[in-house]
Each structure stands twice: as structure tokens, then as C-alpha cells.
Ligand SMILES: Cc1cc2nc3c(=O)[nH]c(=O)nc-3n(C[C@H](O)[C@H](O)[C@H](O)COP(=O)(O)OP(=O)(O)OC[C@H]3O[C@@H](n4cnc5c(N)ncnc54)[C@H](O)[C@@H]3O)c2cc1C
């Protein structure tokens with residue numbers, strides 16, 4: 001690779017202040033939230049689709065990889081340039097391009113931070129629901145590329161449910177526009193939804209059309225736990241069948257309650273039980289009040305050992321603090337975490353938690369589980385000691401068995417973080433070679449020279 005020649009080409013497209021090639025500068029773009037690291041050869045900062053197209057065409061000419069990068073908060077290695085090449089950072093494309101209040105659509109540049117979009121809409125009385133825990137720092141482009149989800153998915157769905165159209169630069173540098181600002185659109189294949197969750201392997205998004213909703217007036221929270229998982233499971237299921245569906249239904253299994261118990265000290269909420277839920281209702285003040293009463297009524301029929309509804313903001317904060325305590329509490333169980341985000345059909349949650357418990361015993365590794373009950377999306381954290389090589393090996397074996405069980409139960413190996421490099425070895429547990437080849441052929445149509453994020457999802 002003639003780096004000087006490529007640098008000159010990028011400089012001609014963007015000017016020298018929007019191209020990085022020095023080692024110290026490149027280092028900041030060599031990792032995401034995983035343990036993966038790999039240096040790019042260049043980092044470029046386009047301002048619009050025309051510049052992105054020119055960058056991609058240049059990468060084709062020199063046959064180097066192009067890796068899109070939002071905020072670099074991914075948990076699957078997606079934005080790590082594993083084969084070098086050019087990282088395309090969207091950090092300078094952060095604008096609101098159009099607010100269409102009549103149709104209730106907003107068009108944004110891909111680098112806008114999720115929280116900035118939420119706040120912009122909230123100030124006008126609107127609501128963008130997808131709420132990954134990283135919402136304060138992750139970008140909408142990254143959310144679309146990973147189809148990010150969060151606690152509100154149980155009522156409002158995930159990123160894909162809000163993306164109606166995209167401006168995309170394909171692997172050959174063509175600029176295409178998918179979808180429309182209509183609720184109904186069945187003209188041809190649904191390329192918009194194919195691109196959502198494509199992890200930067202089919203195209204780079206330069207504009208994103210998103211649906212938004214009216215903002216709920218208020219919300220309230222309750223915390224409930226049960227001393228046996230069957231009661232807990234049936235209690236939570238009963239809430240999902242209500243018209244006034246919870247806007248959050250987070251759960252902790254016995255392993256995470258044990259993990260959090262010592263860490264979370266609160267005078268009016270003493271954590272107990274084997275299956276715990278944090279539940280939110282949103283809507284108008286009257287709707288929230290009656291939903292919380294209804295939830296309490298339903299839940300109390302399943303003999304909870306803890307049932308506490310917040311009466312004010314201080315109590316709401318205390319309930320959320322119990323949820324937030326999980327991450328710091330995990331540190332007591334190891335300095336290295338294998339973080340999995342499997343999803344199973346809801347009626348298989350108890351079974352997979354039971355299987356995970358057995359796997360934890362079999363490999364002698366602590367495994368802490370919590371997650372989003374209404375989506376069957378479980379965060380399975382295998383906690384390890386970084387300096388204990390045999391333990392790390394046992395952790396990897398445990399991970400494999402968990403993925404296998406998940407697929408056997410009709411589930412999937414990633415509910416929200418994506419495959420990237422971290423889970424591609426498990427793709428053949430979920431898909432046969434015919435299916436994987438179909439995906440490869442789709443990639444070939446979008447990216448004939450395989451320069452868009454190569455080595456991600458599959459080799
Ligand atoms: C503390 C923490 C909590 C998290 N919680 C959640 C959670 O609750 N739910 C959840 O779903 N995820 C969560 N994540 C993971 C991560 O934040 C999400 O996957 C997020 O969507 C990544 O956005 P990003 O801007 O950081 O993208 P990056 O990490 O920069 O990139 C992710 C992928 O998107 C591609 N990409 C980025 N921009 C574009 C673009 N414009 N066009 C095409 N491809 C592009 C990249 O190539 C890469 O493959 C969490 C991460 C952290 C660190």
C-alpha cells in the first residue's frame with residue numbers, strides 16, 4: 001500500500017485538516033467498548049454524502065478497507081479496523097437536517113448523539129423511544145447499524161421500528177435513498193430494514209429518517225420480587241398481556257440479586273427474593289396512576305416478597321439505583337467480563353436461566369444474569385479473573401455452551417449488540433451454510449470488492 005499516495009487522495013477530497021495519519025492520532029480510533037484493538041491507516045472526517053462517496057471510491061481504487069465509526073461504544077468490535085484501512089468518522093456529521101412536524105418524521109445526520117436527538121425532540125413535546133444504556137454518548141448511525149435496543153423496547157420496540165428511510169453510500173461509492181416518509185411502503189424489497197443492523201458491512205449511512213412520537217406526560221416505577229422464579233415469570237407475563245403495557249420490565253435473576261445485595265444499600269428497599277423486576281408505567285398522570293395500581297394488584301396475586309411503588313422522585317431514583325448497581329456490583333466477581341446479549345422467546349427465559357446455572361457450575365465460573373424480560377433479551381455476564389488462564393479458557397467454553405443452548409431453545413446469539421468480530425464464530429450455530437451464503441451474496445451486491453468493514457459478521 002502506497003500510504004503517501006492514498007493520503008494525498010484523501011487530502012484532495014477533504015483538505016488536510018480532516019485526514020489523520022499520525023500514529024498518536026490513529027490510536028484513538030483503534031478500539032471500541034470490547035477488548036479488541038487494531039490500528040487504522042487513516043481516519044477521515046467527511047461532512048456529506050458526496051465526500052463519503054469520493055472516500056469509498058478512493059478506497060476501492062487502492063483496495064483498502066473502509067470502516068464506519070460513530071462513537072465507538074459498540075460491544076461487538078464493529079468499528080474496530082481489524083484489517084487497517086480508512087476509518088470514516090461521523091463525528092462532524094451531527095446535524096438535525098429536517099424536522100417534519102406534520103408527518104412526525106425527523107431527518108438527521110448519522111453522527112448525532114442519541115441523547116441530543118432525544119433532548120431536541122423532548123423540548124418540542126416529542127419522544128424518540130430507543131434508549132440503549134449508552135444513549136448519552138452513542139450515535140444514531142451506530143444505533144441504526146447495530147439496531148440498538150434498550151429497556152423501553154418492551155412497549156416501544158427497538159431502533160428498526162423508527163427507521164423509515166436512509167441515504168446510503170454503497171461499497172462501490174454509489175449514493176442510494178431507501179424508504180420514504182410514509183407509514184406504508186411496499187414498493188420492492190425493503191432495503192431500509194436490510195440495512196438496519198448491517199453493522200457497516202453493506203453501506204455507510206449519511207442521512208437517517210426517523211419516526212417520532214408524542215412525549216408521554218409522566219412515568220412512575222415499582223420494584224417487585226418473588227422467592228421462586230415460576231411465580232416471578234407468571235407475574236411478569238400477566239403484565240405483558242395488559243392493554244396498559246409497562247414501558248419498562250427489567251429483570252434480575254437470583255445470581256444478579258445476590259451480586260447487587262451487598263452493593264446496594266438502601267433504607268427503604270431491601271433487595272430479596274430470587275427473581276426481581278423493575279417496572280415502569282408511562283402516559284398521562286391518570287393513566288400512570290391507574291396502571292401502577294393495576295400492576296400492584298396483579299403482582300400481589302403471585303405472592304411477592306417485595307413490592308414497592310415509588311411515591312416521589314427520591315423513591316423513583318432509589319429504584320433506578322438498584323438497576324444501576326448491577327454493573328459496579330459485578331466487579332466483585334472478577335476483573336474480566338465476557339458480556340453476552342442473547343435473546344430467547346419469553347417462554348424460554350426460565351429454561352435458559354436454569355441451563356446457564358448448570359453451565360456456571362460445570363465450568364466453575366460465576367455467571368450473572370439480568371436484562372429486558374419483555375424482549376427475552378438477557379445480559380449474561382461470565383465473570384473471570386484476567387490473570388487466571390485456565391479460568392479464561394473455561395469462560396470461553398461456557399460462552400459456547402450458552403450460545404448453543406440459546407439457539408436450541410429457538411433464540412438468537414445477539415439481541416442488541418450485534419455480531420461484529422465477537423460472535424462471528426457462533427454464526428454457524430444459528431445459520432446453515434446456505435443461509436450464510438445468501439447473506440454473503442447480498443454483501444457482494446452492495447460491496448463487490450468487500451471493502452466495507454471486512455471480517456465482520458462472517459469471514
Ligand atoms: C456502557 C455501555 C452500555 C451499552 N448499552 C447498550 C444497550 O443498552 N443497548 C444496545 O443496543 N447497545 C448498548 N451498548 C452498545 C453500543 O452503545 C451500541 O451498539 C451503539 O448502537 C453503538 O453506537 P456507536 O455510535 O458507538 O457506534 P460504533 O461503536 O462507532 O459502531 C458500531 C457499528 O456501527 C457502524 N456504523 C457506525 N456509524 C455508521 C454509519 N453512519 N453508517 C454505517 N455504519 C455505521 C460501525 O461500522 C460499527 O459496525 C452499550 C455500550 C456501552 C459502552
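Numerical summary
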| quantity | calculated |
| --- | --- |
| Size of the range 193-319 as Cα extents on the principal axes (Å, biggest first) | 50, 36, 29 |
| Degrees, to the nearest 10: 433-446 long Cα axis against longest axis of the chain | 50 degrees |
| Helix 254-263 vs. the chain, principal-axis angle (Cα, 0 to 90°, nearest 10) | 90 degrees |
| Mean-position separation - Cα centroids, the range 198-267 and the range 37-116, in angstrom | 30 Å |
| Mean separation of Cα contacts under 8 Å (6+ apart) over length of the range 218-327, as relative contact order % | 46 percent |
| Mean separation of Cα contacts under 8 Å, 6 or more apart, over the residue count of the range 334-430: relative contact order % | 37 percent |
| Ranked 416, 102, 9, 217, criterion: other C-beta atoms within 10 Å, fewest first | 102, 217, 9, 416 |
| Rounded tilt (10° steps) of 3-14 against the dominant C-alpha axis of the chain | 80 degrees |
| Relative contact order, percent, the chain [alpha-carbon distance under 8 Å, six or more residues apart] | 15 percent |
| Per-q log10 I(q)/I(0), the chain, q = 0.08 Å⁻¹ (Debye; single scatterer per alpha-carbon; no solvent) | -0.49 |
| Hydrodynamic radius of the range 370-459 per Kirkwood, over alpha carbon pairs, in Å | 15.1 Å |
| Computed over the range 261-416, Kirkwood Rh from alpha-carbon pairs, angstrom | 17.4 Å |
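No lab work stands behind these numbers, since they all come straight from the coordinates. What you are looking at is a predicted structure, and each value in this text was computed from that prediction instead of being measured. Cβ sites come from the backbone with ideal geometry, for glycine too, and all protein chains shown count toward neighbours.
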